[in-house]
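Report on one structure; see the data block that follows.
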Amino acid sequence: MIDKDCIFCKIGAHEIGTKVVYENDYVIAFDDMEPLMPVHTLIIPKEHYANVGDNVPEETLGKVFAAVREVAAIKGLDNGYRLLINTGEDASQSVPHFHVHVLGGGWMPRPNDQDWGPNATNAAELGYK
Ligand code: DGP
C-alpha cells in the first residue's frame, strides 16, 4: 500500500525527483538530503510501513537488506559502513516510512555514551533516571 501523503512513498513512486542510487521492483535507494557522512543513502521499501516494527513482511525486510549490499558496492564502501534504523519517537525517527540509513565513506566513532543514554553528561535534561 502507498500512503499518498508520505514523502518517501512519493519518492518511491517517482512522483518526487531524487537521485536514485539503486532500485528494483521492491525498494529504492537514494541519497539523504541532509548527509551526515560522505556516503549517506537511504533504502526504503516502495510499500508504506511506518517503521521496521510495523508488520513489515519478512520478504520485504529481505529485499531491503539485500539492497544494502548493492548500495555498499555501488558506493564503494569496501572498508565498512554503518546501518541505522531510527524507529519511533524515542529514536527520533522523523519520516514515518521504514528506512535504513547506510552511512560510510570515512571512519565513524561508536555512539558516545557521554552524548546520550543514562551516562550522558546531561542525562537529567534528556529525561533519563
Ligand atoms: P530519520 O530521522 O531516521 O527518520 O531520517 C529521515 C532522513 O530522511 C533524514 O536524514 C532526512 C531525510 N529526508 C527527509 N526528507 C527527504 C527528502 O525529501 N529527500 C531526501 N533525499 N531525504 C530526505
Problem - Qualifying residue in segment 37-45 (condition: within 16 Å of the ligand (Cβ to nearest atom), without any contact (Cβ under 8 Å) to a residue 24 or more places away in the chain and either farther than 20 Å from residue 95 by Cα or more than 12 Å from the chain's Cα centre (by Cα) (or both)) - result: no
Practice task
Might you let me know whether segment 111-121 holds any residue that is without any contact (Cβ under 8 Å) to a residue 60 or more places away in the chain, in contact with a helix residue (DSSP H, G or I) (Cβ under 8 Å, 6 or more places away or on another chain), part of a strand (DSSP E or B) and not small (Gly, Ala, Ser)?
Solution key: no
Problem - Odd one out for residue 105 among (1) touching a Pro at 6+ places or on another chain (Cβ under 6 Å); (2) more than 16 Å from the ligand (Cβ to nearest atom) - result: (2)
Problem - Residue ranges of strands (runs of 3 or more DSSP E) in segment 1-88 with at least 3 members open to solvent by less than 40 Å² (accessible area, probe 1.4 Å) and either in contact with a Cys (Cβ under 7 Å, 6 or more places away or on another chain) or at negative phi (or both) - result: 27-31, 39-45
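A quick yes/no check of all residues on (1) within 16 Å of the ligand (Cβ to nearest atom); (2) within 15 Å of the chain's Cα centre (by Cα); (3) under 20 Å from residue 37 (Cβ atoms):
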site: 59; (1), (2), (3): no, no, no
site: 64; (1), (2), (3): yes, yes, yes
site: 73; (1), (2), (3): no, no, yes
site: 90; (1), (2), (3): yes, no, no
site: 96; (1), (2), (3): yes, yes, no
site: 101; (1), (2), (3): yes, yes, yes
site: 110; (1), (2), (3): no, no, yes
site: 123; (1), (2), (3): no, no, no
site: 128; (1), (2), (3): no, no, no
Practice task
Starting from segment 17-34, keep only residues that are modelled with pLDDT under 95, then list their pairs with residues that are within 10 Å of the ligand (Cβ to nearest atom) and in a strand (DSSP E or B) whose Cβ atoms are within a distance under 7 Å, requiring at least 6 positions of separation or different chains.
Solution key: 18/30; 19/30; 19/31
Practice task
Quick one: which residue in 21, 95 is in contact with a strand residue (DSSP E or B) (Cβ under 9 Å, 6 or more places away or on another chain) and closer than 30 Å to residue 128 by Cβ?
Solution key: 95
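The values are calculated or read from the model by the stated rules, or taken from the named source; none is laboratory data. Note that the coordinates shown come from a computational prediction; the quantities given were computed from them, not determined experimentally. Quick reminder, even Gly has a Cβ in these numbers, built from the backbone with ideal geometry, and neighbours come from all protein chains shown. Note: accessible area is taken over every heavy atom of the protein model, side chains too, but ligands, DNA and RNA are not part of it. Shrake-Rupley method; radii C 1.70, N 1.55, O 1.52, S 1.80 Å.
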